[in-house]
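Encoded as structure tokens, the structure appears first; notes follow it.
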Amino acid sequence: MSDTRDPGDATGQAGRTAAGASAGDDPLLRVEGLTKLFKNDSGFLSWLTVDRDADGVPVTADREWVRAVEDVSFEIRRGETLGLVGESGCGKSTLARTLLRLIDPTEGDVYFEGDNLAELSGEALRRKRKDMQIIFQDPQSSLDPRMKVGPIVEEPMRAHDMLDDEGREERARELLSRVGLDPQHYNRHPHAFSGGQRQRINLARALSVNPDFVVCDEPTSALDASIQAQVLNTMRRLQEEFGLTYLFISHDLSVIRHISDRVAVMYLGEVVELADKEELYENPQHPYTQALLDSIPVPDPRESETRGVLEGDVPSPIEPPSGCRFRTRCPELIAPAEYDLTDAEWAAVRAFTRRVVRHGFEMTTQADLEAEFFGDTRPGGPAGEALDRAFVLLERKEPDAAADHLRDSFIEPSICAREQPSYEVDPEYGDGRHFCACHLQRDEELTH
Amino acid sequence: MTDPILEVRDLQTHFFTADGVVRAVDGVSFEVYEEEIVGIVGESGAGKSVAAASIMRLVEDPGEVVGGEVSFKGEPIVEFEETEAGTRRPTDAMLSNREMRERIRGREIAIIFQDPMESLNPVFTVGGQLREFIEINRDVGESEAREIAVEMLREVGIPEPRERLDDYPHQFSGGMRQRVLIAMALSCEPSLIIADEPTTALDVTVEGQILEQVADLQEKYGTSFIWVTHDLGVVAEICDRVNVMYLGQMAEQAAVDALFHDTRHPYTDALLDSLPRPDRTVEELRPIAGVMPEAINPPSGCRFHTRCPDAREVCRQVNPDARDVSESDERPHRAACLKHEDVFHEDYWSSPPIDNETDSGFAVGRTDAGGSGDE
């Protein structure tokens, strides 16, 4: 069965464990091989296909799975902020919800202060929740409009039987002032507050049960720049005061750089790079991280250099690419070992192959195509023969066959399509571990 | 330099609500020259989108353009005159709604909104919508319009444009939909495109692709753009000149380099200081104190005085307009701040500094600053 992973697979990849704590320093949270698949069904029996012409049973089960998070491993140390950054749909929110057990993982373990959350259930899990809290993106919809601010902040304490009524009210007032609100606002409703203030109420509520670990899921994305800065500063202050550990999720690389100690970059359900903040921003190794960093508009007109624009769209998480998931868009896809190509020749072949695979051009003659893509860098040998065949197919108006042929000749044999990358990089900044899921690192590693 | 193609003078757009009059745009002036990208930047509630909609005369009830002038290539889009009774009424020369619809919108000035799904009709194919728009605005037949549509889709970087004409909007990704809208806006070869936060909902790599594309197309077609955004990074990336708005008024207007490197208004300064940076680690962010006051009840004097670190007594009384404060006589650099005493002559420096939300322990109305105070 191809739709669930072989359990042996996860242990076989224990080597993929990303950067972690230094020896002797017990992490607060350890995630190992966490995977979450969603069924892609829209109806009760929609996954059954009826085939009247088939022999035997005319019904086949055809379940599709959305591979939202796959085989993610990392650790979070006590008192640090781990930034998790990625584009929409990369699975960062699913990862957060899965590790808090708000949704059940398909596979993998989450060790929180020694207990495996993935195995806890019922009352034991509920009690554990006291130590882990989450703050959501939309400060409006995460507050009940009919409740007053005081009771909102007290509610988690009530759920966990903390203090008596008086004690809870006292603590709620205390927390309101700690997050920068007026304790007098205890009796107001959420609508009387601005967006930034509502996010402060969310902070106070999360802190009411004295958690060790707070997941912040895009907490400032809905706020204006000046308000965002206020809330970020408050979150930092609270981290020190309450000894908190944050998992801070955002699509905004500037915010992540400001708030994090270490940063993990996600692409299509996987962590592709994880390192200390300075190391990741100043010495990024994964081509996806590099592309992300190149794409951010810098608020300084003198810095606006031409940027490397990423081609294409994110592939579907239902059938993610084999090997490295970024390879379909990667500007540095590695040439298959069997061809002996110069860098310029490989760049031309790669560009031509991607163009044919995407059908992004009108049919022209072979001469035009050769001139456009190859000029005088046309490779010879086996690679040249493979190209000849593709030109013949294009000439015969069989673009799909040409695309298949090029894919089989130049992409599938690449190490990027055959093996899942997982490498350790020698950091240039600081001495934290630097994990990078890119085969470009393989030569580096061999020389060590 | 030649004449501007668009001139906005003292534009006022008010919303008449049950709670009172909201002066969303309150006396804004700026101009757009040929072949340039002009940014309008500000936080939510600054009035930048309303200003953009006013230029297109697309402000909806209860909002209304109540004063000022907008002229496009010499034609009055908005123009008022005084009546004997002292009230204002539109002049006879002001373009009628029909003229706006038939001659200006789409043909001369196109607009792109933030959410492409709201601008595309989900029950018609993308090709059909694009073709119809071209047929109406360029007076061409169906098959020719179809060819133009294919050509424009290719121009904005949509692969296999001919095959994709028959797709519906939901079959396109967010970035692709925004490209379709850019193709639509460009297809009638307008002189001016107003883009209202067009990349705000997109991922950064997609935003990068689109900004790059817009810069190329702008060069190729020579179209002028008004780029409305809250993102100073985008402004730095593509704009030639920038207008910074605060609470319905202009705070600062300058060429992009001068705005970032020779900032003349405390609000722009504070805004730049509050940003986390992607290119370097900032240890401590310096947020702007307080929140933007409601436009329904703006502060007296300079609208920023309640949050301004440089505010003095005189700022509470005098509301400065944006005036040229540049020392050289290059392009004007306008700032609406009394600090520039040689331009405003309001005795700013001898006026006593005032307490406001920048000082902890004293808060005006709602506060988002760390310090709390009595309401």
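The values are calculated or read from the model by the stated rules, or taken from the named source; none is laboratory data. Since the structure is predicted, the reported quantities are computational estimates derived from the model, not experimental observations. Backbone-built Cβ (ideal geometry, glycine too); neighbour counts: all protein chains shown.
Under 7 Å between Cβ atoms, which residue pairs at least 6 apart in sequence (or on different chains) link something in segment A:225-236 that is in contact (Cβ under 8 Å) with a residue 24 or more places away in the chain and within 7 Å of another protein chain (Cβ to nearest Cβ) with a partner that is of a type in the set (Phe, Trp, Tyr) and buried (at least 24 other Cβ atoms within 10 Å of the Cβ)?
none
Within segment B:195-214, take every residue that is within 8 Å of chain A (Cβ to nearest Cβ) and of a type in the set (D, E, K, R) and give me the one that is surrounded by the fewest Cβ atoms within 10 Å (Cβ to Cβ).
In this case the residue turns out to be B:GLU212.
Looking at the structure I just gave you, is B:LEU181 touching a residue at least 12 places away in the same chain (Cβ under 8 Å) and more than 29 Å from B:PHE72 (Cα to Cα)? Spell out how you get there, then give the answer.
On the way: touching a residue at least 12 places away in the same chain (Cβ under 8 Å): yes; more than 29 Å from B:PHE72 (Cα to Cα): no.
Judged against the criteria, B:LEU181 is not a match.
Please specify each residue of segment B:154-169 satisfying the condition of being part of a helix (DSSP H, G or I) and modelled with pLDDT under 90.
Here is the first cut: in segment B:154-169, the residues part of a helix (DSSP H, G or I) are B:154-155, B:161-164, B:169.
B:ARG154, B:GLU155, B:PRO161, B:ARG162, B:GLU163, B:ARG164, listed by residue number.
Suppose we filter B:LEU247, B:LEU232 for residues that are buried (at least 22 other Cβ atoms within 10 Å of the Cβ) and at positive phi; which single one remains?
Details: B:LEU232 fails: at positive phi.
Of B:LEU247, B:LEU232, the one residue that is buried (at least 22 other Cβ atoms within 10 Å of the Cβ) and at positive phi is B:LEU247.
If I go through segment A:283-314 residue by residue, how many of them are closer than 30 Å to A:LYS36 by Cα, more than 8 Å from every other protein chain (Cβ to nearest Cβ) and modelled with pLDDT of 85 or more?
Qualifying residue count, segment A:283-314: 7.
Residues to consider are A:GLU218, A:GLU240; find the one that is within 29 Å of A:LEU163 (Cβ to Cβ), acidic (Asp, Glu) and away from chain B (no Cβ under 12 Å).
Selected residue: A:GLU240, the only one of A:GLU218, A:GLU240 that is within 29 Å of A:LEU163 (Cβ to Cβ), acidic (Asp, Glu) and away from chain B (no Cβ under 12 Å).
Which of the numbered conditions does B:GLU207 fail, given that it passes all the others? Conditions: (1) in a loop (DSSP other than H, G, I, E, B); (2) under 21 Å from the mean Cα position of the chain (by Cα); (3) at pLDDT 85 or above; (4) not polar (S, T, N, Q).
It fails just one condition, (1).
What's the total number of residues in segment B:13-32 that are out of contact with any helix residue (DSSP H, G or I) (no Cβ under 9 Å at 6 or more places or on another chain) and either closer than 16 Å to B:ALA251 by Cα or touching a residue at least 40 places away in the same chain (Cβ under 8 Å) (or both)? Explain how you work it out, then say what you get.
Taking segment B:13-32 as the starting set, the residues that turn out to be out of contact with any helix residue (DSSP H, G or I) (no Cβ under 9 Å at 6 or more places or on another chain) are B:14, B:16-23, B:26-27, B:29, B:31-32.
Restricting the remaining residues to those that are either closer than 16 Å to B:ALA251 by Cα or touching a residue at least 40 places away in the same chain (Cβ under 8 Å) (or both) gives B:14, B:16-17, B:19-23, B:26-27, B:29, B:31-32.
The number of residues fulfilling the criteria is 13.
From A:ASP252, A:ASP161, which residue is within 12 Å of chain B (Cβ to nearest Cβ) and not aromatic (Phe, Trp, Tyr)? Walk me through how you get there before you give the answer.
Values: A:ASP161 fails: within 12 Å of chain B (Cβ to nearest Cβ).
It is A:ASP252.
Tell me which residues, restricted to segment B:170-188, are more than 14 Å from chain A (Cβ to nearest Cβ), surrounded by fewer than 20 Cβ atoms within 10 Å (Cβ to Cβ) and outside any loop (DSSP other than H, G, I, E, B).
Going through segment B:170-188, the residues more than 14 Å from chain A (Cβ to nearest Cβ) turn out to be B:170, B:180-188.
Checking which are surrounded by fewer than 20 Cβ atoms within 10 Å (Cβ to Cβ) leaves us with B:170, B:188.
Selection gives B:HIS170 alone.
Does segment B:296-304 contain at least one residue that is among the aliphatic types (A, V, I, L, M), surrounded by fewer than 21 Cβ atoms within 10 Å (Cβ to Cβ) and within 26 Å of B:ARG9 (Cβ to Cβ)?
Our first condition is that a residue be among the aliphatic types (A, V, I, L, M); within segment B:296-304, this holds for B:296.
Still in the list and also surrounded by fewer than 21 Cβ atoms within 10 Å (Cβ to Cβ): B:296.
Retained after the next criterion (residues that are within 26 Å of B:ARG9 (Cβ to Cβ)): B:296.
Scanning segment B:296-304 turns up at least one residue that is among the aliphatic types (A, V, I, L, M), surrounded by fewer than 21 Cβ atoms within 10 Å (Cβ to Cβ) and within 26 Å of B:ARG9 (Cβ to Cβ).
Return the pair list, or none, for Cβ contacts closer than 8 Å from residues in segment A:255-282 that are within 11 Å of another protein chain (Cβ to nearest Cβ) and touching a residue at least 40 places away in the same chain (Cβ under 8 Å) to residues that are of a type in the set (Asp, Glu) and part of a helix (DSSP H, G or I), at least 6 apart or on different chains.
Note: no pairs meet the criteria.
Look through segment A:315-349, keep the residues that are within 14 Å of chain B (Cβ to nearest Cβ) and among the hydrophobic types (A, V, I, L, M, F, W, C), and return whichever of them is surrounded by the most Cβ atoms within 10 Å (Cβ to Cβ).
First, pick out the residues of segment A:315-349 that are within 14 Å of chain B (Cβ to nearest Cβ): A:315-317, A:326, A:328-331.
From what's left, among the hydrophobic types (A, V, I, L, M, F, W, C): A:326, A:330.
Values: A:PHE326: 27, A:CYS330: 23.
So, considering only residues that are within 14 Å of chain B (Cβ to nearest Cβ) and among the hydrophobic types (A, V, I, L, M, F, W, C), the one surrounded by the most Cβ atoms within 10 Å (Cβ to Cβ) is A:PHE326.
Criterion first (touching a helix residue (DSSP H, G or I) at 6+ places or on another chain (Cβ under 7 Å) and acidic (Asp, Glu)) does B:GLU79 satisfy it?
Details: touching a helix residue (DSSP H, G or I) at 6+ places or on another chain (Cβ under 7 Å): no; acidic (Asp, Glu): yes.
Against the criterion (touching a helix residue (DSSP H, G or I) at 6+ places or on another chain (Cβ under 7 Å) and acidic (Asp, Glu)), B:GLU79 does not qualify.
Give me the residue from segment B:215-234 that is assigned to a helix (DSSP H, G or I) and within 10 Å of B:ILE37 (Cα to Cα) and, out of that set, nearest to the other protein chains (Cβ to nearest Cβ).
We begin by selecting, within segment B:215-234, every residue assigned to a helix (DSSP H, G or I); these are B:215-221, B:232-234.
Among the residues that remain, those that are also within 10 Å of B:ILE37 (Cα to Cα) are: B:215, B:218.
Numbers: B:ALA215: 10, B:GLN218: 15 Å.
My answer is B:ALA215.
Tell me whether segment B:66-77 contains one or more residues that are in contact with a Ser or Thr (Cβ under 9 Å, 6 or more places away or on another chain), under 30 Å from B:ASP203 (Cα atoms) and surrounded by 14 or more Cβ atoms within 10 Å (Cβ to Cβ).
no
Which number in (1) assigned to a helix (DSSP H, G or I); (2) out of contact with any helix residue (DSSP H, G or I) (no Cβ under 8 Å at 6 or more places or on another chain) marks the one condition that A:SER221 misses?
(1) is the only condition that A:SER221 fails.
Would you mind finding the one in A:LEU125, A:LEU117, A:LEU82 that is over 27 Å from A:PRO284 (Cβ atoms), touching a Phe, Trp or Tyr at 6+ places or on another chain (Cβ under 8 Å) and not small (Gly, Ala, Ser)?
After ruling out the rest, the residue left standing is A:LEU117.
Check segment B:278-291 and report whether any residue there is under 24 Å from B:ALA52 (Cβ atoms), of a type in the set (A, V, I, L, M) and within 18 Å of the chain's Cα centre (by Cα).
No, because not a single residue in segment B:278-291 is under 24 Å from B:ALA52 (Cβ atoms), of a type in the set (A, V, I, L, M) and within 18 Å of the chain's Cα centre (by Cα).
Select from segment A:189-215 the residues that are under 18 Å from A:PRO145 (Cβ atoms), within 26 Å of the chain's Cα centre (by Cα) and more than 12 Å from chain B (Cβ to nearest Cβ) and list them in ascending order.
A:ASN202, the sole residue that qualifies.
This table checks each residue for (1) in contact with a Phe, Trp or Tyr (Cβ under 8 Å, 6 or more places away or on another chain); (2) modelled with pLDDT of 90 or more; (3) of a type outside the set (S, T, N, Q).
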site	(1), (2), (3)
A:SER2	no, no, no
A:ASP6	no, no, yes
A:ASP9	no, no, yes
A:ALA21	no, no, yes
A:SER42	no, no, no
A:LEU45	no, no, yes
A:ARG78	no, yes, yes
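Looking at (1) over 15 Å from the mean Cα position of the chain (by Cα); (2) surrounded by fewer than 24 Cβ atoms within 10 Å (Cβ to Cβ), which is the one condition that is false for A:HIS258?
Only one criterion in (1) over 15 Å from the mean Cα position of the chain (by Cα); (2) surrounded by fewer than 24 Cβ atoms within 10 Å (Cβ to Cβ) is unmet by A:HIS258, namely (2).
Take segment A:170-214 and flag every residue that is touching a strand residue (DSSP E or B) at 6+ places or on another chain (Cβ under 6 Å) and of a type in the set (Gly, Ala, Ser).
A:ALA206
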